[in-house]
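The values are calculated or read from the model by the stated rules, or taken from the named source; none is laboratory data. Note that the structure is predicted; figures quoted are calculated from it, not measured. Cβ coordinates were reconstructed from backbone atoms using ideal geometry, including for glycine residues, and neighbour counts include every protein chain displayed. When the accessible area is computed, the model is the full protein with side chains, heavy atoms only, and any ligands, DNA or RNA have been set aside. Shrake-Rupley method; radii C 1.70, N 1.55, O 1.52, S 1.80 Å.
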Amino acid sequence: MKKLIFAIALVLTACGNKTGKTVSEADTITTDSIAADSTTATGVDKHAEAYILQRLDAIYSDIRQRVVNSSDENPYIGSDFNLDSAYCSSFYYGLLKQALEIADKTNDVVLEYDHWICGQDFSNDWDYQIQKVYDITDSTALADIIVINFGNKHDLTLSLLFERGDWYINEFGPEDAEETDKAYFRRFISDGLKTLEKAKASAAESR
């Protein structure tokens, strides 16, 4: 079962959208937004392979800097900066946030590892290698990367989504995986709501 260390869960719960509105994947992108934002003011095509590679490199380079500079005063684990809110799609983060809110009520945790560093902890030589970007459409793309942590290589196929004028991670694995993160979040939310309903009914019966 996928779970996240409690410190990260607290940080994520404290950040991001506070409206409580359920996020729909269909709401995260429109054809008009693609047309308006696909090219920068300097004429750079955001749907070009080179640009997407640069975007991913900027994301993971930021993570590497946070790992390298991690200290008691400036920790990577438990940092106030929310990587998921900053670099994941609205739909992915919306589901994760809902799952974290449920977990807070059921005293559970959502993920047992940090999907950015591929582990519960990180080594000083944490690194990444972006292999390739492919299957690029107006709104989606795939990217193969390798995350290196404690000398172990973790192969990831990132599913990317173009929204809000740029590319964001929509899955930390292929969309056709046996159970994607988003499918797991939905299941976690559903199971958590059932647990809360049972607890509510049991409390009512005991009165």
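Looking at segment 180-190, is at least one residue among the aromatic types (Phe, Trp, Tyr) and open to solvent by 80 Å² or more (accessible area, probe 1.4 Å)? No, every residue in segment 180-190 fails to be among the aromatic types (Phe, Trp, Tyr) and open to solvent by 80 Å² or more (accessible area, probe 1.4 Å).
Could you tell me whether residue 136 is open to solvent by 30 Å² or more (accessible area, probe 1.4 Å), closer than 24 Å to residue 65 by Cα and of a type in the set (A, V, I, L, M)? No. Evaluate the following for residue 55: is it open to solvent by 70 Å² or more (accessible area, probe 1.4 Å), at pLDDT 70 or above, closer than 21 Å to residue 133 by Cβ and not in a loop (DSSP other than H, G, I, E, B)? No, not satisfied. Where residues in segment 149-160 are open to solvent by less than 10 Å² (accessible area, probe 1.4 Å) and touching a residue at least 24 places away in the same chain (Cβ under 8 Å), which of them is nearest to residue 43 (Cα to Cα)? Across segment 149-160, the extreme among qualifying residues is 160.
The one condition from (1) surrounded by fewer than 21 Cβ atoms within 10 Å (Cβ to Cβ); (2) not in a strand (DSSP E or B) that residue 146 does not meet is (2).
Residue under question is residue 65, and the condition is that it be within 22 Å of residue 133 (Cα to Cα), open to solvent by 70 Å² or more (accessible area, probe 1.4 Å), without any contact (Cβ under 8 Å) to a residue 60 or more places away in the chain and of a type outside the set (Asp, Glu); does it hold? Judged against the criteria, residue 65 is not a match.
Residues in segment 72-108 that are surrounded by fewer than 20 Cβ atoms within 10 Å (Cβ to Cβ) and in a loop (DSSP other than H, G, I, E, B): 72, 73, 74, 75, 77, 78, 79, 80, 81, 82, 107, 108.
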